[in-house]
Each structure stands twice: as C-alpha cells, then as structure tokens.
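We did not get these values from a lab; they are worked out from the coordinates using the rules stated. As the structure is a computational prediction, the values presented were derived from the model and not from experiment. Cβ placement follows ideal geometry from the backbone for every residue including glycine, while neighbour counts extend to all protein chains displayed.
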Amino acid sequence: MRAMLHPVRQFAARLRAASDSAECLLRFDTVPQEVVLGRAEAVAGALSEVMPGWGCRSLPGAPSEAVPVTRVTAEDSGRYSYQSWWSRAPLTDLGLAGATCGVVADLVQSYCDARPEMIGLHCGAVEVGGHLLAFTGPYRAGKTTLVTRLAAEPGVRLYCDDVLPVNPDGQGVALGVQPRLRLPLPEGVSDGFRVYVADHLTVQDRRYGYVRCDGQAPLGTQAPLAGLIVLRREASGPARLHRMRVADAVAHMIRQNIADPGETEAHYDRLAALGAQLFCATLVYSDLEEAVQVVRDLCAAPELPGSGVQIGPMLPPDPVEAETVPADLAQVFCRAEEVSAREIGQDVFLWQMAGRNFFRLNPVAGAVWALLEEPCYGHDIAETLAEVFVGTPQTMIADDLSDLLGQMCARGLVRAEG
C-alpha cells in the first residue's frame, strides 16, 4: 500500500526553482533548514518576532541542495501560499500568522530531525513550581489556551505550546517559540485573560495570533519532564484530576511523537521507561480558570502531587476517541482545507493547521489520503483498494473504508459532499 503514496521528494525540484529579484533566502543558526520568500518579506520579520533565539538571517543566493527548503509566496490578494518540504501540495490563502505558523512547524521538524536521539512530543509544556508538565490530548482539548493562560501566572515558564523535544535522559527542551492562539478567543475565558492576550499579541491575522509571554523559556532551556497530563474538556463540571495508568500514558506519547521513532521496540522501551518516571493523570475541566488552579495546586509541593490534592479514579476511554459514524460511500469526499500530509521517517502524518494537530496514518489511511488528491466517490476508492487487496472480500473493504472516512470526517481532515 505504501507504494500508492506519492513520494514527497519528487517535488524537491519545484521547491528549489531558481529565485528571482523578488525572492529572499532565510537561513537559521539552529537548524539545517532554509526558507525562500517570494515577495513575502513580512514573514521574515514575523519569524524573528515569534522565535527570537533561532538566528534568522536573510542572505543572498539560491537555496542549498543539501537541506530542506520551505517556500512562502505572497499571492495577488495580499495573502500567502505556503509549501512545506514535507508536503506534496501547498496551503493557500493564508494570513501572515498562518503562513508563519507553517514555517515554524517546518523549522521545529528540522530541529527534531537533526537530533535523532530526541523524541518530539506534540504537547504544550510549562514549568510550574519547578515541575515541567506536558499537556496533551485529543483535537480541541485546549492545550494551547491552557499553557498560554498558565504562562500569564507569576513564576510559570512556558516551554512550548506545540512540540516539546525530550532528550534520552528525560530532559525537556524549550524551543523559545511564542504560543499561537486561534482568534477570536473562545467564549468563557476570563476578562483578565482577554486583556492579557490583547496586550501581548504580536504577529496576527484574522484567524490566529502569537502571544509574547513574560515567562517564555529561551531556546535550549532544559528541565526534567515531571508529568504528563492528558486533557479532557467537557461542557460542564468542576476541574479535577484522575489517575492514569502508565501504559495509557505511554500510548499517548507514542501517538503524539512527531519525530522519527526509529526501531519500534527500542522506541517503545524508551517511552515506557520515561512514562514510569512521570506523574500521569487526566485533567477534566470545563472552566479554564479552574483548570489553572488545579495545576497550581498540583505543583505546590516539591514532589508531585502536592499535599491535599485530590486525584480521582481512572476514567473510561475519552468519548472524543469513541467510535464515529461510518461514512456513506455514495458521497464525494475531498481533503479539508489547511490540512497537509507529511512524511516523517517511515510514517505519514496529517498536519492540521487550525489546531496544529498531527494524525499518524497507517499505510491504508495514507493510501486513501493519496487517492483524495482530487475529490472522488467513496465507492471509487473502495474499488481501487480492492485491486490492491486481492482476495479480500469487497464488503470488508467497503466497511473498513466507511469507518476510516467517518473518523477522518469527524476529525476535520476530510469533507463529505453530496
């Protein structure tokens, strides 16, 4: 099935097209990555603002043949298109913050790729009371909003809102990148936090805004990872912590690792050893301010959890991760906007810009995504898969495809039409 996927590298020549006088080349002190800007000089200034320690430099000349290249081009409309080195198709009609977000994602990927000994945990991370906590969870769990709100608290240091590199010794590494919030802020956040965000917004457009935090840990700051908190946001109810099995925490880390895992068994053993050292819990919340207080109480003592912190029993699986409604294969399916595929090592991910979510695809799901390069009927996809899986009953293929497309639609990766 992997042979059905379009190799990303065949598009390298297009990314390295000869530059003209309207283009500029960016290089960075911290990563083997280059960015070509076509009439998009504002993106260079935005990158210097949101990731100040990365040594962004504008240089003459053509892009190198030896490193990944990202391209951002200003469209006639005044918006931007963004072509990632790891993606086959560009994202278009982006605002300044959206285009900047795409470049930041590529730079972080290059940072992890250049350090294969690290894992890249897709999470938000803050250091509270000397304890470095990683917050992860399902789509729209609110990790960026929570860690940005926590970073507004005195004495809290923000390590990341998207990816935390973790060394083999369990040390988390700050990337020094400002958090990016979706705008407008959701209903229910406090007036105080709204004022804080408004006062600290830097690069922004009509959909996204980066926030300068006083407690931003500089690039390269390290601290031992102390806890993994899986977020579960509900419509109502008090904020509270629940115990989590180490095995479940390790499963979350495996799913949320964006770095090349290398050999599977060694990767699992490493994450299992890391998970055994962490305080692992689920944080259920509906009110942001209550969640902040729970985290502060948790970290109030030298050892986790703080004295007097109540931790409830383990929870059943998150309903967000429950089975979804199967898709009707008589419909036409197409890729959602602002979703692009990335090949990382031997794995294929879908990257969702709106929430900066990564979804790891197995070979079958990767093949389905490739077939959705153009809108097509679900029955046509099933027929193509049947040609590959000779001997597999067509009803089984259709049922599995219906479940897969239902899951992809529920997560905003694919749209059904008609």
Given contacts defined as C-alpha pairs under 8 Å and at least six residues apart, what's the relative contact order of the chain, whole-number percent? 15
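DSSP loop (so not H, G, I, E, B), at most 11 other Cβ within 10 Å: list which GluC sites (Glu not before Pro) in the range 256-326 pass both filters.
On the way: sites: Glu263, Glu265, Glu289, Glu290, Glu303, Glu321, Glu323; in loops: Glu263, Glu303, Glu323.
For GluC sites (Glu not before Pro) across the range 256-326 that sit outside H, G, I, E and B with at most 11 neighbouring Cβ atoms in 10 Å, the list reads Glu263, Glu303, Glu323.
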Taking the Cα centre as origin and putting +1 on Lys and Arg beta-carbons and -1 on Asp and Glu beta-carbons, what dipole magnitude results for the range 184-266, to the nearest 20 debye? 280
Counting DSSP beta bridges in the chain, what percent are antiparallel, to the nearest 5? 75
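With a 10 Å radius around each residue's Cβ, average the other Cβ atoms per peptide and rank 102-110, 374-382, 69-77, 276-284, highest first. Provide the component values of the computation, followed by the final result.
On the way: 102-110: 24.0, 374-382: 15.1, 69-77: 18.2, 276-284: 20.3.
Packing proxy ranking, top to bottom: 102-110, 276-284, 69-77, 374-382.
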Sorting Gly227, Leu91, Val69 by the position of each Cα along the dipole of the chain (Lys, Arg +1; Asp, Glu -1; all at Cβ), the one nearest the positive end of that ordering is Gly227
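If you stretched the chain out fully between Asp169 and Ala410, how much longer would it get, using 0.36 nm times the residue separation minus the C-alpha to C-alpha distance?
Numbers: separation 241, 0.36 × 241 = 86.76 nm, distance 3.72 nm.
Roughly 83.0 nm would be gained on extension.
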Ordering of 389-397, 153-161 by burial proxy (mean other Cβ atoms within 10 Å per residue, highest first): 153-161, 389-397
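Determine the calculated [θ] at 222 nm for the chain from helices alone, applying -39500 (n - 2.57) to every DSSP H run no shorter than 4 residues and normalising by the residue count; nearest 500 deg cm²/dmol.
Values: 11 runs with 124 residues, N = 418.
For the chain, the value works out to -9000 deg cm²/dmol.
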